[in-house]
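Q: Attaching a single structure in structure tokens format; questions to follow.
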Amino acid sequence: MYQPTKGAVKSYRDTVMEFGGLNQRVRGNENEFFDMKNMSSDSYPLLSPRKRRMTAYYTPNKITAMCNKEAFVWTEIGGDTHRFYVNGREIEAMRSSDIESKRQLVGMGSYVVLFPDGKYVNLLDDEGYKDCGTLGQKNTSRPLGADENGVIQHLILTPSTIDGKSISANTIGTVAPSSPDNGEIWVDNSGEKTVYKKWDAATSQWVQMSTTYIKITRSGIGQGLKKWDAVSIKGMLSPVLKNDGAFDVKATDRQIEQVEALNTDGAVVYYADASHIVIAGVLDKQCCIASGEVIVERKVPDMDFVVECDNRLWGCKYGLVDGKVVNEIYACRQGDFKNWYAYLGISTDSYAVSLGSEGHFTGAAVFNKCPVFFKQGCIHQIYGSMPSSYQLLTTNCEGVEKDQGDSVCLCNNVLFYKGPTGFFAYTGSLPQKISRNLEMKRWGKVIGEGVGDKVYFACGDSEGEKAIYVYDTVYGLWHKEDERNVTAFSRDGHILYMLIREDGKSRIESVTSEVDVAITENDNTFPITEEDFEWYAESTDIGYSDTNFKYVQKITVRAKLSEGSEVGVYLSCDGGDFRRVGYEMYREGVHTNEIAFTPERCEVYRYRIAGKGDVKIISVSKTVIQGSEKA
């Protein structure tokens with residue numbers, strides 16, 4: 001008699017010793033993870049949680065921006081005032097009543113410039129930080145007005161030398177002075193146009209001067225200005241001439257034309273003190289402005305984004321400014337962030353270029369020592385070393401998504417940013433998408449920064465969902481940390497700080513377990529080290545490669561635990577809830593924990609390794625019994 005026989009049970013064992021990163025697509029590799037929290041690639045190819053963070057500072061006030069240059073700098077809203085701090089010390093001169101505008105801190109040399117306030121401070125001037133002020137300067141003078149002592153002040157225009165010395169009235173006229181001294185200047189108004197001439201004793205002749213100057217005198221007219229500033233002048237109208245000590249003689253048509261020609265947007269200041277400025281111009285004789293208001297202003301353009309490159313600040317603007325449509329890129333004069341309209345025909349001049357591309361600017365950065373400006377549908381890059389050689393290169397491609405300008409960051413000489421369809425890497429040609437393994441959500445705000453070999457992206461949406469994604473540029477892996485409301489990043493060398501706004505408080509934390517500042521406030525001494533935190537890594541669905549049902553019989557985890565740490569293993573079959581199938585607490589050394597449990601029949605399964613503290617997962621093995629194709 002023959003008895004029926006049963007074939008041997010087929011089983012197999014899979015071992016993972018090289019752990020990948022996130023893969024949120026429908027099907028992934030067995031060494032990849034569909035979800036995780038507080039994991040990192042620090043111990044690759046092992047699986048491990050991120051490093052502990054350190055709190056550098058926190059305050060109940062709302063911090064709006066931060067950077068770490070020569071010192072740790074941040075801005076915050078206290079009451080109805082926007083305040084500026086350097087290493088915990090407030091700089092009162094940088095205060096502002098505008099608490100609504102978004103702030104941007106840009107470093108240039110030892111200075112930090114605050115936009116859109118247009119203010120600056122020298123971080124090396126640690127004895128009170130008195131080297132601070134405003135980029136723009138607007139001096140308004142009423143031509144006939146009284147000073148603080150009640151003395152009537154005139155706004156007087158006088159022919160002068162470049163250093164502000166008035167030209168004597170007896171050298172102005174149609175007849176040349178007799179017996180002139182060498183270098184004496186004669187204002188010759190005998191022809192249709194007034195000409196300045198200088199006596200050259202060596203040749204015994206009058207030599208016409210190519211550039212002539214006018215001194216403008218009025219209390220406060222030169223306040224805050226300096227030599228070589230480029231200013232806009234308005235209100236030079238209705239001049240009157242002096243007669244017997246009083247300005248009561250009407251000017252000629254030619255003199256009126258000379259004065260009105262001073263109304264310009266590109267005047268260069270050749271000399272300045274509180275009561276005088278000297279500019280280029282032609283004037284028959286001394287006169288006074290009789291009415292109206294004269295405005296001398298050093299202007300700074302309104303800009304959407306600002307970066308520093310080659311000892312210049314670069315900015316961009318798209319929109320309406322003073323009723324005019326603007327679509328331009330600007331650069332300040334080299335080494336001088338106060339002057340944006342200085343055009344003297346030299347290599348250090350300011351620079352501006354108008355664009356034809358449509359849409360708002362969405363971001364800006366510096367790449368390969370060149371400024372780069374993004375729109376949603378293109379990238380503009382400026383090449384060259386001086387204004388005369390600057391060239392604009394436009395690449396039509398997927399640029400930075402609208403409202404995601406804070407996502408642009410540099411890491412390992414590659415620009416990373418959030419585009420309309422994902423995260424991109426830009427190396428100078430066409431951007432390459434790097435987020436194909438991520439489930440792309442419509443994040444309302446993404447903030448990015450690179451440090452070492454990693455790029456951090458803090459994401460958030462209007463519904464309150466948040467996540468910090470980290471991209472390892474060496475291994476090409478994505479990892480997910482925790483859900484924090486990050487509003488800014490700031491890098492200082494190998495240290496990365498993030499600004500967090502939660503529970504009505506602002507916190508500045510180091511994500512790299514290091515800080516280089518020590519702030520003491522309200523009996524709190526920083527930094528404060530984070531305590532042990534929870535973490536987990538959840539695998540992708542496993543089993544798609546085998547069409548049969550299967551039984552997960554055993555999971556073996558080999559791990560190294562640090563003191564106080566713990567780790568657990570959980571299993572989910574066919575999309576069901578996770579159930580804990582094993583648990584391990586700290587024991588000194590490297591241990592292999594073989595977890596056997598009652599098998600459950602399924603098509604696909606996931607495992608989750610979760611724990612607390614510093615744990616390094618060395619390998620994970622799964623023993624699976626193969627079943628039939630029938631349910």
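Q: Given the structure, is F84 open to solvent by less than 20 Å² (accessible area, probe 1.4 Å), touching a helix residue (DSSP H, G or I) at 6+ places or on another chain (Cβ under 7 Å) and touching a residue at least 12 places away in the same chain (Cβ under 8 Å)?
A: yes
Q: Restrict the check to region 490-510 and report whether at least one residue is at pLDDT 90 or above, assigned to a loop (DSSP other than H, G, I, E, B), open to solvent by 20 Å² or more (accessible area, probe 1.4 Å) and on the phi < 0 side of the Ramachandran plot.
A: no
Q: Tally up the residues in region 366-377 that are open to solvent by 10 Å² or more (accessible area, probe 1.4 Å) and without any contact (Cβ under 8 Å) to a residue 60 or more places away in the chain, please.
A: Looking only at that region, the number is 3.
Q: Does region 534-548 hold any residues that are of a type outside the set (D, E, K, R), open to solvent by 30 Å² or more (accessible area, probe 1.4 Å) and assigned to a loop (DSSP other than H, G, I, E, B), and which are they?
A: Passing the criteria: Y544, S545, T547.
Q: Still on this structure, I have one more. Could you list all residues from region 155-188 that are open to solvent by 50 Å² or more (accessible area, probe 1.4 Å) and in contact (Cβ under 8 Å) with a residue 24 or more places away in the chain?
A: Within region 155-188, I162, D163, S166, A169 qualify.
Q: Using beta carbons and a limit of 6 Å, which pairs, at least six apart or on different chains, have the first residue in region 424-450 and under 20 Å from N485 (Cα atoms) and the second one hydroxyl-bearing (S, T, Y) and surrounded by fewer than 16 Cβ atoms within 10 Å (Cβ to Cβ)?
A: Within 6 Å, the pairs are G444/S462.
Q: Restricting attention to region 234-242, does a residue exist that is under 20 Å from G136 (Cβ atoms), out of contact with any helix residue (DSSP H, G or I) (no Cβ under 7 Å at 6 or more places or on another chain) and assigned to a loop (DSSP other than H, G, I, E, B)?
A: Yes, some residue in region 234-242 is under 20 Å from G136 (Cβ atoms), out of contact with any helix residue (DSSP H, G or I) (no Cβ under 7 Å at 6 or more places or on another chain) and assigned to a loop (DSSP other than H, G, I, E, B).
Q: Could you list, in sequence order, all residues of region 415-458 that are β-branched (V, I, T) and in contact with a Phe, Trp or Tyr (Cβ under 7 Å, 6 or more places away or on another chain)?
A: Once the filter is applied, which keeps residues that are β-branched (V, I, T) and in contact with a Phe, Trp or Tyr (Cβ under 7 Å, 6 or more places away or on another chain), region 415-458 yields I434, V446, I447, V455.
Q: Tally the residues that are assigned to a strand (DSSP E or B) and closer than 22 Å to S168 by Cβ, restricting the search to region 249-288.
A: Residues that pass the stated criteria total 10.
Q: Find all pairs meeting these conditions: Cβ atoms under 7 angstrom apart; at least six residues apart or on different chains; first residue within region 27-38 and closer than 16 Å to V16 by Cα; second residue among the charged types (D, E, K, R) and open to solvent by less than 30 Å² (accessible area, probe 1.4 Å).
A: These pairs meet every condition: F33/E538; F34/E538.
Q: Can you name the residue in region 571-610 that is aromatic (F, W, Y) and closer than 18 Å to R13 by Cα and, of all such residues, is modelled with the highest pLDDT?
A: Result: Y607.
The values are calculated or read from the model by the stated rules, or taken from the named source; none is laboratory data. Just so it is clear, the model here is predicted, and its values are computed rather than measured. Reconstructed Cβ throughout: ideal geometry from the backbone, glycine too, with neighbour counts over all protein chains shown. Heavy atoms of the whole protein, side chains included, go into the accessibility calculation; ligands, DNA and RNA do not. Shrake-Rupley method; radii C 1.70, N 1.55, O 1.52, S 1.80 Å.
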